[in-house]
Amino acid sequence: MRISLPEFKNFSVIFISVPILVIFLNQCSTLELVRNARDQAIFYQQCDTLFKSGFHSFSDGDYQQAKAWFDTLGGIDSLGLQYEAYAYLAQCERKLGNETGGAEVLSAAIDKFAAIDSNKFHYASPLPELKYWAGIYPKLAQELRPRKDFDLTIQPPGVLGGMQALYKQVDYPEIAKGMGIKGTVSIRTSINTLGQVESARVEKPVHPDLDKAALTAVKATTFTPLIRYGRPIKGNLSVPIVFR
């Protein structure tokens with residue numbers, strides 16, 4: 001089929017635009033990732049601020065104001081980033097004369113988080129502690145009682161000694177290395193309150209030999225546990241191991 005000159009020009013413009021379009025789409029994708037990371041950081045900060053505001057009001061005995069802070073937090077914190085708020089909110093209800101309402105707060109929180117896939121929680125499912133707090137209600141757990149030295153921080157789980165300590169456990173398979181097999185293997189691990197690995201699985205595989213080497217290294221590593229407001233609890237962590 002003969003292509004006329006005008007048709008050929010149009011075809012050339014489209015052909016030249018393809019790589020430009022790919023670059024543009026890649027840039028858009030990167031910008032979207034940056035925007036999502038920024039929005040996530042802002043959201044985490046909002047939840048943290050609301051929780052601390054509620055905690056300080058609760059500590060000061062202003063239960064009505066504390067209830068308002070914790071109610072607002074519960075309305076936006078869909079994944080339980082600050083699930084301790086429900087224990088304090090239940091106490092606010094009790095202090096304000098509604099002990100039954102406090103029990104209902106904890107029951108509703110348990111139902112809410114039981115319906116969520118456990119893999120979606122940031123570091124750990126809130127269900128074990130929420131169930132414990134519901135079981136001892138109307139008492140407030142000792143570890144949650146306000147005091148002067150109360151630690152208002154959350155420390156995520158990590159590698160004891162840093163990633164360099166973990167990489168000392170990594171044995172790059174010689175055959176895979178000689179074949180130029182590279183990549184980043186992600187291991188999902190569950191860490192107990194002592195920093196020991198309770199379970200580990202390959203989350204993002206690369207090659208069977210590299211996956212096995214990464215899994216072995218993680219299991220041989222000691223971690224620092226998840227610490228929420230001064231108390232160590234069981235938590236999850238994704239560990240990337242780079243082979244290059």
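The values are calculated or read from the model by the stated rules, or taken from the named source; none is laboratory data. Bear in mind that the values here come from a model prediction, so they are computed numbers and not experimental data. For neighbour counting, all protein chains shown are included, and Cβ atoms are generated from backbone atoms with ideal geometry for every residue, glycine included.
Worth pointing out:
- Whether a residue is outside the structural domain of G235 (by TED's automatic domain parsing), of a type outside the set (S, T, N, Q), at pLDDT below 95 and farther than 20 Å from D151 by Cα was assessed, and I116 passes this test.
- With respect to (1) farther than 21 Å from G162 by Cα; (2) touching a residue at least 12 places away in the same chain (Cβ under 8 Å), the lone exception for G180 is condition (2).
- Test: S59 is more than 19 Å from E129 (Cα to Cα), more than 19 Å from the chain's Cα centre (by Cα) and in contact (Cβ under 8 Å) with a residue 60 or more places away in the chain: yes
- Of the listed requirements (1) outside any helix (DSSP H, G or I); (2) over 23 Å from S118 (Cβ atoms); (3) among the basic types (K, R), K212 misses just one: (1).
- Selection within the stretch 52-75 - in contact with a Cys (Cβ under 7 Å, 6 or more places away or on another chain), more than 22 Å from K148 (Cβ to Cβ) and of a type in the set (A, V, I, L, M): L73
- Filtered by the rule that a residue be within 22 Å of N119 (Cα to Cα) and either of a type outside the set (G, A, S) or part of a helix (DSSP H, G or I) (or both), the stretch 195-209 gives Q196, V197, E198, R201, V202, E203, K204, P205, V206.
- Filter result for G135 (small (G, A, S), modelled with pLDDT of 95 or more and farther than 22 Å from R244 by Cα): yes
- Taken over the stretch 122-149, the criterion of being among the aromatic types (F, W, Y) and either exposed (fewer than 15 other Cβ atoms within 10 Å of the Cβ) or in a helix (DSSP H, G or I) (or both) is satisfied by Y132, W133.
- Scanning the stretch 170-186 for residues that are among the hydrophobic types (A, V, I, L, M, F, W, C) and in contact with a helix residue (DSSP H, G or I) (Cβ under 6 Å, 6 or more places away or on another chain) yields V170, A176, V185.
- When residues of the stretch 150-194 are limited to those that are part of a helix (DSSP H, G or I) and of a type outside the set (A, V, I, L, M), the one nearest to S59 (Cα to Cα): Q164
- Failed condition for A214, given (1) surrounded by 13 or more Cβ atoms within 10 Å (Cβ to Cβ); (2) farther than 18 Å from S125 by Cβ; (3) touching a residue at least 60 places away in the same chain (Cβ under 8 Å): (3)
- Positions within the stretch 64-110 being hydroxyl-bearing (S, T, Y) and under 26 Å from the mean Cα position of the chain (by Cα), in sequence order: T72, S78, Y83, Y86, Y88, S107
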